[in-house]
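Okay, so here's the structure we're looking at.
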Amino acid sequence: MRHLLTTETLDRAAIESLLDSADEFLDVLHRPIPKVPALRGKTVATLFFEPSTRTRMSFEKAAKALSADTMSFSPSTSSLKKGESLKDTVLTIHAMGVDCMVVRHEATGAAWRVAEWVDVPVINGGDGAHQHPTQALLDCLTIRQRFGGLDGLRIAIVGDVRHSRVARSDVFAMATLGAEITLIAPPTLLPLDTTGWPVGTSCNLDDVLTEFDVVYLLRVQAERGGASVFPSNAEYRERFGMTRERMSRLKPDTVVLHPGPMIRGIEIDAAVADDPRCLVLGQVTNGVAVRMSALYHLMGGVPVE
Ligand code: NCD
């Protein structure tokens with residue numbers, strides 16, 4: 001594996017090997033000194049052209065836990081404001097000497113373009129509504145921890161699937177690990193075409209609610225037009241929100257996941273977000289370990305003791 005751009009081309013062995021190393025890195029993160037010298041002397045650059053709290057900080061923490069140096073680029077205070085292009089920005093940062101680039105951009109395919117311009121590994125930290133592979137890996141790790149594996153699990157992905165790079169990455173990774181996936185959304189928020197996707201679909205959450213082991217909630221992506229295709233937030237919550245009442249109807253061992261940022265009161269009620277069966281903070285912790293694993297695999301880290 002030279003880059004990590006999409007989950008569509010990852011086979012089961014590749015995903016399992018990334019998750020197995022993530023498990024080892026979770027142990028490292030629980031040591032009194034949560035750091036190993038695996039990437040000493042290397043530099044990871046994070047180039048986030050779209051807002052991020054979790055993904056960016058998690059990559060920084062992951063790189064530092066592997067003893068790599070980090071550099072981060074912020075579009076609002078950069079020469080992009082003076083008109084510099086994406087390509088010149090990337091080549092400039094690359095010329096400073098970096099060993100890996102993590103890229104988030106609103107344009108589909110941006111990370112692939114970057115990978116053509118540079119000779120270091122590129123990790124896609126989210127490209128438009130297209131892919132977000134490390135999110136899918138951390139979601140799979142979280143589910144595997146809880147259930148021992150994904151084979152035969154029934155997973156619902158609920159919400160703005162149409163505009164979700166998280167859903168696109170999760171569907172392929174989870175199906176490759178053997179899960180059975182149902183996308184649940186109003187028709188206007190389902191993808192226009194799911195040909196080739198290993199999924200079923202439903203437009204009625206209440207009809208199918210009790211069938212799942214995992215309910216994965218998505219934020220409505222207002223910035224990509226998601227909020228303009230249903231009447232109001234209240235109506236969305238009424239039909240597709242994970243309310244306390246819906247939570248009480250799930251099977252007792254069903255868990256709720258969310259990639260964050262959560263919008264309490266729309267796709268998830270505050271009581272659900274704070275319930276122990278909502279694994280959102282565990283997902284965040286796992287995210288650091290998964291990103292350590294991705295950096296380690298791509299950058300040729302020295303073996304960890
Ligand atoms: C998501 C993203 O930016 O794709 N968040 C994340 O990375 N954890 C999902 C979202 O913004 O709703």
Please identify, among 274, 207, 170, the residue showing maximal mean-square fluctuation in a Gaussian network model of the chain using a 10 angstrom Cα cutoff.
207
Just subtract the alpha-carbon distance of residue 53 and residue 8 from 0.36 nm times their residue separation and send over the number in nm, one decimal.
13.7 nm
Which value, in debye to the nearest 20, describes the size of the charge dipole of region 95-206 about its Cα centre when Lys and Arg Cβ atoms bear +1, Asp and Glu Cβ atoms bear -1, and nothing else is charged?
160 debye
When the chain is treated as a GNM, springs tying every alpha-carbon pair under 10 Å, which of 34, 51, 231 comes out with the largest mean-square fluctuation?
231
Of 295, 29, 189, which has the largest mean-square fluctuation in a 10 Å C-alpha GNM of the chain?
29
What translational diffusion coefficient, in µm²/s and rounded to a whole number, does the Stokes-Einstein relation yield for region 51-102 at 10 °C and a viscosity of 1.306 mPa s, taking the hydrodynamic radius as the Kirkwood radius over Cα pairs?
129 µm²/s
Compactness of the chain as Cα Rg over 2.2 N^0.38 Å, two decimals
0.99
Whole-number Å³ per residue for the convex hull built on Cα positions in region 133-279:
99 Å³
Among 215, 197, 153 - extreme Cα towards positive end, dipole of the chain, charges at beta-carbon
215
Under a Cβ-only charge scheme (Lys and Arg +1, Asp and Glu -1), can you give me the dipole magnitude of the chain about the Cα centre, in debye to the nearest 20?
700 debye
To check my understanding: the extent here is largest minus smallest coordinate of the Cα atoms along each principal axis. What are those three numbers for region 1-144, in Å, largest first?
45, 33, 27
Once every DSSP H run of n ≥ 4 in the chain is given -39500 (n - 2.57) and the sum is divided by its residues, what mean residue ellipticity at 222 nm do you get, rounded to the nearest 500 deg cm²/dmol?
-11500 deg cm²/dmol
Could you tell me, in Å, what Rg and Dmax come out for the Cα atoms of region 154-214?
10.6, 29
Note on the chain, DSSP bridge orientation, antiparallel percent to nearest 5 equals 5 percent
At a 10 angstrom cut-off on C-beta neighbours, averaged per residue, how do the peptides 246-254, 57-65 rank from highest to lowest?
57-65, 246-254
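No value in this document is a laboratory result; all are computed from the given coordinates. Fair warning: this is a prediction, and the values are worked out from it, not measured in the lab. Quick reminder, even Gly has a Cβ in these numbers, built from the backbone with ideal geometry, and neighbours come from all protein chains shown.
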